[in-house]
Structures are given as structure tokens and as C-alpha cells.
Amino acid sequence: MRSATSLLLLAALAGAAPAADWPGFRGPTGFGTSADKGLPATWGGGGDLAWKAELPGPGASSPIVVGKKVFLTCYSGYGVDQAEPGDMKDLKRHLLCLDRGTGKVLWRRDVPAAQPEARYGTYLNLHGYASSTPASDGKNVYVFLGKSGVFAFDTDGKRLWQAGVGKGTHGWGSGTSPLLYKNLVIVNASVESDALVALDKNKGEEVWRARGVSSSWSTPVLVRVPGGGTELVVSGSKRVLGFDPQTGKELWHTDSFDWYVCPTVVAHDGVVYALQNSTCVAVRAGGRGDVTGTHTLWTKSLGSVVTSPVYHDGHLYFATGAAYCLRARDGAEVYRQRLKPDPGNLYASPLLADGKIYYVSRTKGTYVVEAAPKFKLLAHNVIEGDDSVFNASPAVSDSQLLLRSDRYLYCIGKGR
């Protein structure tokens, strides 16, 4: 597992809060890993349920944790009922603040959607209109709401600013999450304007815009380059790209993909690992220009449509209908094991914590697998009484899991 020193370093680069916090999509590093111990492997009978909170609407965004508060987005008014989606003009997003200890809603802020939004239907009805996870620097909370823009609130709910990043929509919806770097809020606005956009955290003013990022629903991450420096890396259509996070200048790209891309990349020791529909690629960061022939370490015809990977101890892990383990140094397949019972589809990205990997399926529960190159299913957990969809990636706080469905937010585990 990535060392504690490395975790803290990347958390500092992203402006993250202390170790107990989970300040953005996939945690402090953006790689879906936690150093917490004592997380539960089994639940479902109610014994490990610390609390649950009913939500005012569905959403695929993950919860984040800042001190004694949890932040989460939902939507309502349109696209909630597939049989009767309603009137698009009634669509609203909601930013919720909940008490970390009890799940009680402390405050709620409603944001009417800029019109017209993408029409409900096809793939959009699989995840809806609140799929972007908030991000926080411990002081403020930043939310990306597609063509409605980026919003900043303080942790007490005061709205600070709003900034548009493009007016485009897509039949598959919008779903990338904001990333914080020093004084910047960076969003992949591929759907809205075919660009990465960086805004000043304090004022909402645009600082830079990197164009040409198309057909991408991938959230960017920060990658530490061996020898010093930090790069902003994102999967775009047909390529992985590295940028200077302070200026938005493209530093390098490697051509590898064949269409749109959703999974977020992970990195270890300066090597970036990226999944796409039918491809997995490893590329060494730190290059310049077209590095397809110089920094691409390996490419495999194996991928994932939505869910991202995790890295652990020289291996990559991810799941679609089956759970996969690849050797990180060369992409060799270590195992491919069908999850049982059949998980159906997975949209949530996995969580690595306490020697376990948590795979959350949309409708068939959570599969807990040993984080080792030999497959071992430790548990399969289903929360009784909730037949709604679980699209959100899980979060960790004080040795407890925060797991979100379209109906509830659950806090699972005994904690510290």
C-alpha cells in the first residue's frame, strides 16, 4: 500500500484536510485508498449500522467528510421517476450538510438547474443529475453542476460565488468532480466546453482553460513526478494527458484509447494507470510532447466502461462483472474471477482500505475482496429494505464506511 508519508504529501498538494477527512472524489489522493484500520467486512443485519439518513432525492455523487460535517449532492423535481420524469423546468440540485456523528441534516442549499438541461433518458437515467462529488479544502465546499456551473459555499452554507464553465449538455449527462490544487478549483468540463477549466478558489474567476479534452467523463488527479514536481493527469478521448496544474499548459500525451472514457486514472511512483472501455495502459509521467512511443510502458486489451481501478502492492484491481487483478509492472493478468452472486453493473469505483477492496454494485450489494493477488471473497453485503440504486463510490471516515444509495446515506462500522 502507498506509504503514509506519500498519502499526506498528496493530500497537502490537493489542499486536503486532516487524515480523518475524506475531502473529495476517491479521498485525499483521488486514488480510492485509505490508511484507516478496523473497517467492517460484513454488515446488513443492522449491527454495524451506526446511522442512516434519508435523502431528498437520488444522485450518484459520493459523500465527503470535513471535520464533523458530511457533504453530499442530490437532485429532485425532474428525472426521478422513469415512468413519469416530469417537467425539466422543475429540476433542482441540493447540497446537503449532515452531522458526521448522527446523520442529522444541518442545512440544505437548493440550486435550480440552468435551462435547458440534457433530457432525461437513455444512459442519463442510469445516474441522473447529481453525479459530481463535492470537494473541500476544509474551509469551503466546491460543487460542479454541469452547465449550471461551479458553486462555492462555506461550510456553514453561505454561498460565496458561482462561475459558468460552458453551456454544453450531453445525452449521457455530466459527472466529473472538482479537484483542488493550491489556489485553484479544476474541473473537467468536457461535456460543457471540451476543456479543463481552472477557477480561482476565492473569487471564482477563470485562471486558465485547456481546450481539446473531448468525450471525457474522467475526473483529473494530481500525480507526483519522481525527482520533483506535480502534474495534472486526466483521461481524454483516445489519449491520456498530463498538464501543468498551475498554468494549464499541456506537458505530454500518449495515444491509446478508441472512444469516450469514464474511469479516473490512478498512479504510483510516477506511473499512471488508466482504464478505458477495452484498454488498460501504463504510462510514465514526466515526459514532454507525444510520449506514446517513449513513456508508454504497456497496453492491454482489457478495460472498464465506468469504474476506476485501485493500486496496491504492485497490482491493479478493478471489477466489472468480474474482479480483475493485473500485475502493475507489465499488465499481466493475475486473476479474473466472476463475482457471485452476479453483481450486474458497477458504476462505483472501488475502495482499498484495511487489506480489503470494496466493490459496490448498482443493485446487488457490496462485495468485499481480500487485497491480495489471490482472489478471496470475504463477504457479500446487502442492505435490507433499500432496493434503490447504489452508484456512488464509498467514502471512509474514522474507520467507518459512508455508503450512499438513491434513498439513503449510511454510516457503517463501529469506528474508532
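Please treat every number below as a calculation from the coordinates, not as lab data. Just so you know, these numbers come straight off a predicted model, no measurement behind them. FYI the Cβ positions are ideal-geometry reconstructions off the backbone, even for glycines, and counts take in every protein chain you see.
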Residue of L196, L316, L49 that the Gaussian network model of the chain assigns the largest fluctuation, springs spanning Cα pairs under 10 Å | L49
Starting at the first residue of region 114-131, write each ³J(HN,Hα) from the Karplus equation 6.51 cos²θ - 1.76 cosθ + 1.60 with θ = phi - 60°, in whole Hz, x for Gly and Pro.
-> 4, 9, x, 8, 4, 6, 5, x, 6, 6, 5, 6, 7, 9, x, 10, 9, 10
Per principal axis, descending, Cα span of the chain in whole Å = 51, 47, 40
Which order do T42, T320 fall in if you start with the one that has the fewest other Cβ atoms within 10 Å?
-> T42, T320
What ranking do V65, V207 get, fewest neighbouring Cβ atoms within 10 angstrom at the top?
-> V207, V65
Give the order of K364, K104 when sorted by the count of other beta carbons within 10 angstrom, beginning with the fewest.
-> K104, K364
With springs only between Cα atoms under 10 Å apart, run a GNM on the chain and tell me which of T299, T363, T102 wobbles the most.
-> T102
From the Cα centre of region 203-247 to that of region 82-159, the distance in Å is 24 Å
Around L251 (Cβ within 9 Å, Cβ-to-Cβ, excluding L251; K/R +1, D/E -1) the net charge comes to -1
With +1 on each Lys and Arg Cβ and -1 on each Asp and Glu Cβ, how big is the dipole of region 4-412 about its Cα centre, in debye rounded to the nearest 20?
-> 300 debye
Which net charge results for the neighbourhood of N345, defined as the other residues with beta-carbon distances under 15 angstrom from its beta-carbon, given Lys and Arg at +1 and Asp and Glu at -1?
-> +1
Options G287, Y410, S216, ranked by Cα towards positive dipole end of the chain, top entry (Cβ charges) | G287
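Please sort by residue number the trypsin sites (Lys or Arg not before Pro) in region 126-162 whose DSSP state is loop and whose Cβ has at most 15 other Cβ atoms within 10 Å. All intermediate terms of the calculation are to be shown ahead of the outcome.
On the way: sites: K139, K147, K158, R159; in loops: K139, K158.
The qualifying sites are K139, K158.
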